[in-house]
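The values are calculated or read from the model by the stated rules, or taken from the named source; none is laboratory data. Computed from a prediction, not measured in an experiment: that's the story for all the values here. A quick note on method: Cβ atoms are made from the backbone with ideal geometry, for glycine too, and the neighbour counts reach across all protein chains shown. All accessible areas refer to the heavy atoms of the entire protein, side chains included, with ligands and DNA or RNA removed. Shrake-Rupley method; radii C 1.70, N 1.55, O 1.52, S 1.80 Å.
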Amino acid sequence: MPHLNLESFKPLTYPTQCGEVEFLFQADYKNPDEGALIATRYKGREFFLVYKNGAKKLLKSDKITRPSPNFILKHALLAYAECSGSPILDSNVDNAPENTHLKTHDALKTISYFAENFPKNREVRIEVGFGSARHLLHQAAANPDVLFIGLEIHKPSIEQALKQIVIQNITNIMIIDYDARLFLEFVPSNIVGKIYVHFPVPWDKKPHRRVISEAFLKESERALRVGGTLELRTDSENYYRFALETFSSPAISRFDVRKNQEIAIVSKYEDRWKKMEKNIYDVTFTCEAESPEPDIIGNFTFSGGAVDPKIIDRLSTETYKREWGFLHVERTFTVGENGSMIRLAMGSFDRPESTYVLIENGAARYYPSFPVRSSANLQAHILLDELIHG
Ligand SMILES: C[S@@+](CC[C@H](N)C(=O)[O-])C[C@H]1O[C@@H](n2cnc3c(N)ncnc32)[C@H](O)[C@@H]1O
């Protein structure tokens, strides 16, 4: 993770512009000696830099709002140090200019792109955790009429894929840096031809983090068109057994199992397992029925009426558990003289979302972007709205 180790941290006067980078405001931890978040805008992305005041004085990215590609973050870190006059002791941030491959691509999309206007004019295929992107690139080149959506959460893999998309001049791939477990809720019903889940992380010690789950399967079934398939390929005996159990629960669809089946393109992982002579399992789920469109109503605006800052402090001690999921205020911050900010975890237990709510002049809003518009997040929002308005 790119970071700077500073000799001393010097705050800015906000808002301020430093070249093309804007620094908008600073949110201090409740104990300001711990550090602060710095709201930053660059190349159309808004995110927080984090200053951590410990044995070292570190300036790095906030995990929740971290921008992609990495160039944006690196540039913002260096801009902060330069404009504030904070001397850098050491860092792992190079001063490399923006990668020209990344500059010209428009394959990288945000979740709001899909949430607002999901492309529906052609068959969609989704690859979950594309890694080296060998399979994704191969499939896209072989099926030019199909739109491929690649989901990944590992930034270097995303940058690699974007580079290859430009080099190979591929126009039918969209990449998104997003958790696959959250993404499917945004996909309209009955438009997906295939969902590939190849060699997912087995998470044997933390099975709740697995991509495959009953909820994922339900959403896949809704998004798939009749005859569409969800293809799990794994070398993990445990994951295979877990998938069999999970795939057995829905009543209306069927699945097939194959062992050591050859496919057209072999991924880096598959290469490795083959050399080790491991068994490779395919579990393929086929959708057999049309699904209705999802019925998610509501939005993420807060009702009017001033928010009492004292309530924010009280909220931070509790986790509110409900049948749809939970709401938990993880941290509170102060912003300037009268503002505050909270960091929340919310939504469903197996797909929690972390987000920030900024409170200025008694009015609350999510910052820098709305949570994902899932039914559990909307429920959590309704609860939060009630709580902060007493
Ligand atoms: C073991 S690698 C396999 C990569 C590739 N499919 C292959 O066969 O070579 C698993 C990939 O899934 C990604 N991943 C893990 N959890 C994910 C999630 N919830 N959403 C999207 N990608 C995820 C990881 O970052 C990693 O690149």
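Taken together, the residues in segment 206-235 that are within 15 Å of the ligand (Cβ to nearest atom) and open to solvent by 10 Å² or more (accessible area, probe 1.4 Å) amount to 11.
Of all residues in segment 257-280, one or more are away from the ligand (no atom under 16 Å from the Cβ), open to solvent by less than 70 Å² (accessible area, probe 1.4 Å) and in contact with a strand residue (DSSP E or B) (Cβ under 9 Å, 6 or more places away or on another chain). Restricting the first member to segment 140-168 and to residues that are within 10 Å of the ligand (Cβ to nearest atom), and the second to residues that are of a type in the set (S, T, N, Q) and assigned to a helix (DSSP H, G or I), the beta-carbon pairs closer than 7 Å and six or more apart or on different chains are LYS155/ASN70. Restricting attention to segment 350-374 and to residues that are open to solvent by 50 Å² or more (accessible area, probe 1.4 Å) and outside any strand (DSSP E or B), the residue that is nearest to GLU323 (Cα to Cα) turns out to be ASP350.
Among the strands (runs of 3 or more DSSP E) contained in segment 36-100, which hold 1 or more residues that are touching a Gly at 6+ places or on another chain (Cβ under 7 Å)? If you could, list the steps in order and put the result at the bottom.
Details: elements: 45-53, 57-61, 88-91.
Of the strands (runs of 3 or more DSSP E) lying wholly inside segment 36-100, those with at least 1 residues that are touching a Gly at 6+ places or on another chain (Cβ under 7 Å) span 45-53.
Looking only at residues in segment 118-138 that are under 17 Å from ILE265 (Cβ atoms) and not hydrophobic (A, V, I, L, M, F, W, C), the one that is farthest from the chain's Cα centre (by Cα) is HIS138. Residue under question is HIS198, and the condition is that it be within 16 Å of the ligand (Cβ to nearest atom) and open to solvent by 60 Å² or more (accessible area, probe 1.4 Å); does it hold? No.
If you take the residues in segment 114-129 that are in a loop (DSSP other than H, G, I, E, B) and free of Cβ contacts under 8 Å to residues at least 60 places away in the same chain, which one is most open to solvent (accessible area, probe 1.4 Å)?
Quick first cut of segment 114-129, residues in a loop (DSSP other than H, G, I, E, B) only: 117-123, 129.
Add one more test, that the residue is free of Cβ contacts under 8 Å to residues at least 60 places away in the same chain, and what stays is 117, 119, 121-122.
Numbers: ASN117: 114, PRO119: 21, ASN121: 132, ARG122: 83 Å².
Across segment 114-129, the extreme among qualifying residues is ASN121.
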